Amino acid sequence: MAAWQWAKIRRTIHILKKQRVVLLRQLEEINENLRLVPNPSRARRKLLEARVNIKEALRLNARALRNLQSLFHVRP
C-alpha cells in the first residue's frame, strides 16, 4: 500500500476512536436519564431503545477498529 493509503487508515482509526468517545458519553447520559424516568413509561422505552442502538454502534465501532488496526500487523 502507498503511504497516502496508510495515512488514510490512520485518520480513519482516529475518527473511529473519537466516535467511540461520543457514543460512550451518550450511553452514560442515557443511563443517567433512565434513573430519573418512571419505570412504565414511553420515555423509558425510548431510552432503552436508544441504549440498545448505541451498544450496537459501539460493537460495530470496535469491530471496525480491530479490522483497520489488523492492517498494520500485515504491513510490509
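Throughout, read-outs are computed from the coordinates displayed, never taken from laboratory work. This structure is a prediction, so every number in the text was calculated from the model and none was measured. When we count neighbours, we look across all protein chains shown, and the Cβ atoms used for this are built from the backbone with ideal geometry, even at glycine.
Look through Val22, Val52 and report the one residue that is of a type in the set (A, V, I, L, M) and over 10 Å from the mean Cα position of the chain (by Cα).
Val52
Examine segment 54-70 for a residue that is of a type outside the set (D, E, K, R), touching a Ser or Thr at 6+ places or on another chain (Cβ under 7 Å) and at negative phi, and state whether such a residue exists. The answer is yes; a qualifying residue exists.
Among residues of segment 38-76 being in contact with a Lys or Arg (Cβ under 8 Å, 6 or more places away or on another chain) and among the aliphatic types (A, V, I, L, M), the one that is nearest to Met1 (Cα to Cα) is Leu65.
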